[in-house]
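Right, one structure below, let's go through it.
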Amino acid sequence: MAATVDTVERVKKISVETYKYGFETDVEMDRIPKGLNEDIVRMISAKKNEPEWLLDWRLEAYRRWTQMEEPDWAKVSFPKIDYNDYYYYAAPKSLADKPKSLDEVDPKLLDTYKRLGIPLDEQERLAGVAVDAVFDSVSVATTFKHKLEEAGVIFMPISEAVAKHPELVQKYLGTVVPTTDNYFAALNSAVFTDGSFVYVPKGVRCPMELSTYFRINAQETGQFERTLIVCDDDAYVSYLEGCTAPMRDENQLHAAVVELIVMDNAEIKYSTVQNWYPGDENGKGGIYNFVTKRAQCRGVNSKVSWTQVETGSAVTWKYPSCVLQGDGSQGEFYSIAITNNLQQADTGTKMIHVGKNTRSRIISKGISAGRSDQTYRGLVKMLPKAQGARNFTQCDSLLIGDRCGAHTVPYIEVANPSAAVEHEATTSKVSDDQLFYCRQRGMNEEKALALIVNGFVKEVLQELPMEFAVEAQALVEISLEGSVG
Amino acid sequence: MLSIQNLHAQIEEEEKAILKGLNLEINPGEVHAIMGPNGAGKSTLGNVLAGKDGYEVTEGSVFFKGQDLLALDVEERAHVGLFLAFQYPVEIPGVQMLNFLRTCTNETRLARGLPELSGMDFLKLARAKAADLKINPDMLKRSVNSGFSGGEKKRAEILQMALLEPQFAVLDETDSGLDIDALRIVSEGVNALRDGKRSFLVITHYQRLLDHIKPDHVHVLADGQIVRSGGPELALELEERGYVDYEKAA
Ligand SMILES: Nc1ncnc2c1ncn2[C@@H]1O[C@H](COP(=O)(O)OP(=O)(O)O)[C@@H](O)[C@H]1O
Ligand SMILES: [Mg+2]
């Protein structure tokens with residue numbers, strides 16, 4: 001059998017065998033009834049003790065959502081989602097009366113994060129990284145709170161921020177991604193539960209990496225997190241999100257909204273390691289991942305970079321974007337997307353150049369294996385005032401086996417003659433000859449594939465914060481592990 | 001060292017027989033040259049020895065240092081000391097040559113029960129071996145064989161051989177695409193590895209390579225068999241007369 005055919009055979013088996021995050025935590029849950037209607041929205045808001053304005057905001061979003069249609073332009077297909085067949089709020093009972101310290105947190109929950117490689121207790125914490133751990137609809141704990149407070153950085157679950165810093169939340173929430181931006185953003189606005197809020201005041205360089213770890217555990221429960229990061233003038237923060245879920249036969253819904261706001265000379269580096277359960281080798285189960293992520297570079301010379309390593313989810317619909325308003329602002333998008341078995345991903349970015357001399361850079365690396373299908377969809381738009389704006393796009397696809405698909409759909413709109421857009425794209429295949437060559441030199445097939453794939457993605461891996469680059473590289477290898485031999 | 005007996009092999013997909021009863025004995029320290037018309041099966045022999053997918057051995061046996069070579073996986077054959085310098089070295093875009101070489105070397109060392117070399121030690125070793133072959137150190141930073149000239153590719157093959165220290169190497173038309181200077185450098189690289197124990201099977205069309213790498217035996221491979229064997233003088237004769245006799249016979 002030719003090596004790549006063999007590869008495909010092996011690839012088919014792996015997600016199930018190697019998805020080591022697929023365990024379930026058995027804790028007593030507090031849920032609100034299944035289904036979605038205005039009462040459910042009210043119940044979520046009540047659970048969170050929200051102020052009136054936020055409830056109204058949610059209800060408005062809900063009403064608009066009921067009038068919208070699910071988008072159908074992405075190159076993905078899945079059975080019609082019954083939005084009434086999900087739970088929209090699930091939280092471990094033990095968290096109901098807000099544990100004050102980790103000692104009061106249910107050890108089962110702490111153990112869950114430990115197994116996921118995200119220790120929350122004092123001694124074992126990742127040095128230099130503050131973590132907000134979100135379990136289904138609520139935050140379990142946030143580490144290093146004290147140290148961050150000293151620096152003036154606000155990092156807390158968004159529900160806590162609504163109570164403690166309502167003026168900031170109200171000022172910025174929904175200003176980057178309006179409630180009616182798209183179907184999934186409207187849904188999220190109506191039912192979002194937890195997520196992180198970050199505010200870095202003027203001139204502050206956040207002293208550590210911030211990280212949120214999202215875990216979907218409960219059955220038939222959607223996760224709708226909302227993240228809002230504001231970086232004031234001359235401030236800097238690096239933020240990372242990670243995600244996993246247990247293996248389940250039914251599909252689970254995840255529709256997040258992330259809003260980033262960057263003021264003058266400020267910078268946000270946002271990294272994602274997304275490893276939601278991708279479904280089994282026959283495409284059963286897995287997460288539907290419909291995410292709206294957008295950054296507004298409001299200030300002059302502000303900068304945002306999105307770096308993502310996407311290996312999980314059954315269906316991905318995700319286009320982290322940058323609106324480059326401030327003159328001289330910069331947007332970057334570095335992406336590694338891996339699809340295997342029957343995974344489908346339609347992902348890319350949007351770079352909207354509004355201000356003068358704005359710059360954007362897109363490096364996308366897509367790897368398709370098994371019978372998966374992947375589309376890069378990207379928009380580069382130069383508005384009339386984007387004098388001297390520049391974009392560079394490099395979009396590479398790597399195929400493993402011959403039953404997977406890779407597509408590139410670039411949209412380019414230029415309304416300023418001085419703006420320049422450069423687009424490069426390549427498609428290549430891991431060939432039998434490459435694997436044979438490596439093996440003749442003493443590598444086994446797994447090592448050979450890892451070497452080839454790592455060579456393909458290294459440009460993007462380098463963009464991840466050090467603490468996570470190693471983990472991400474391991475994830476890239478695991479996602480394709482056993483895929484040869 | 002290597003004992004090939006009555007080897008028959010075919011292309012798996014087409015069931016097309018390529019090797020049709022090939023016999024060859026190679027002792028430690030010997031250099032054997034194989035010459036023969038295009039399409040005779042020379043590269044196929046190298047590929048079958050190395051264990052490439054897509055070929056099926058239908059008859060015969062190959063023993064390497066007393067071990068049934070055909071029972072081993074591709075990488076195991078490499079680990080026990082078999083090296084194939086490719087006629088067409090394969091490009092691997094994005095993978096840095098140095099990283100590739102280090103992975104090859106360390107995987108092989110581990111398999112042979114030797115400790116891995118540290119990044120620093122390996123770098124020194126690779127630079128020294130590259131210098132012997134007059135390889136520009138910048139080449140080590142480029143992607144494996146990508147955009148290499150024909151000559152650079154062949155030199156890189158010899159560099160890999162020097163790092164992996166095989167017991168037995170098949171050089172498949174390593175001389176083609178080399179100018180006179182490169183030919184000399186590559187030959188010196190090969191000769192440097194001739195230690196009286198290591199053996200070589202040199203596939204070539206040209207006598208000029210054999211001026212540099214002196215063979216102990218020369219064979220003519222035509223239509224999947226060794227049809228004639230002799231000493232170095234046979235290469236001279238072939239150079240003069242070509243393969244007409246053997247093509248007719250085939
Ligand atoms: N993978 C392959 N698929 C089909 N035919 C092949 C393959 N490899 C070799 N052949 C055929 O086998 C014969 C011998 O090829 P080869 O061993 O490359 O010859 P040589 O190296 O002596 O020129 C040729 O007819 C060639 O076309
Ligand atoms: Mg040949």
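Brief remarks on what is shown
- One quarter of the surface of the convex hull around the alpha-carbon atoms of segment B:8-146 equals 10.5 nm², the direction-averaged projected area.
- DSSP-defined beta bridges in the protein assembly as shown - what % are antiparallel, rounded to 5: 20
- Pairwise FRET efficiency - A:Asn84 versus B:Val57, Cβ, R0 = 56 Å, nearest 0.05: 0.35
- Overall Cα dimensions of the protein assembly as shown, principal axis frame, Å, largest first: 99, 55, 48
- Chain B: Cα Rg divided by the 2.2 N^0.38 Å rule of thumb: 1.00
- Each residue of segment A:372-382 was assigned a 3J(HN,Hα) from its phi angle through the Karplus curve 6.51 cos²θ - 1.76 cosθ + 1.60 (θ = phi - 60°); the sequence is 6, 9, 9, 10, 8, 10, x, 10, 10, 10, 10 Hz, with glycine and proline shown as x.
- With R₀ fixed at 30 Å, the C-beta to C-beta distance from B:Lys124 to B:Asn191 puts the FRET efficiency at about 0.85.
- With eigenvalues of the C-alpha gyration tensor scaled by 5 and rooted, segment A:139-199, Å: 25, 13, 9
- The region of chain B that goes longest without hitting one of the GluC sites (Glu not before Pro) in a DSSP loop, each with at most 15 other Cβ atoms within 10 Å, is B:117-250.
- Of the beta bridges in chain B, as assigned by DSSP with both residues counted there, near 60 percent are antiparallel.
- Both radii were evaluated on the Cα set of segment A:2-318; the Rg over Rh quotient, with Rh as the Kirkwood radius, amounts to 0.96.
- Pairs exceeding 30 Å between alpha-carbon atoms, taken from A:Lys47/A:Lys365; A:Lys447/B:Lys124; A:Lys381/A:Lys458; A:Lys147/A:Lys356; A:Lys145/A:Lys293: A:Lys47/A:Lys365; A:Lys147/A:Lys356.
- Taking the centroid of alpha carbons for each part, segment B:53-130 and segment A:191-267 are 46 Å apart.
- Among the trypsin sites (Lys or Arg not before Pro) in segment A:67-103, those located in a DSSP loop and surrounded by at most 13 other Cβ atoms within 10 Å of their own Cβ are A:Lys80, A:Lys100.
- Rounded to the nearest 5, the antiparallel percentage of DSSP beta bridges internal to segment A:2-318 is 15%.
- A Förster radius of 60 Å, combined with the Cβ-Cβ distance separating A:Met43 from A:Glu150, puts the computed FRET efficiency at roughly 0.95.
- Ellipticity estimate at 222 nm from DSSP helix runs (n ≥ 4, -39,500 (n - 2.57)) divided over the protein assembly as shown, nearest 500: -9000 deg cm²/dmol
- Mean partner shielding of peptide B:93-100, defined as the number of other chain Cβ atoms within 10 Å of each residue Cβ, is 6.
Throughout, read-outs are computed from the coordinates displayed, never taken from laboratory work. In this text, all values refer to a predicted model and were calculated from it rather than measured experimentally. FYI the Cβ positions are ideal-geometry reconstructions off the backbone, even for glycines, and counts take in every protein chain you see.
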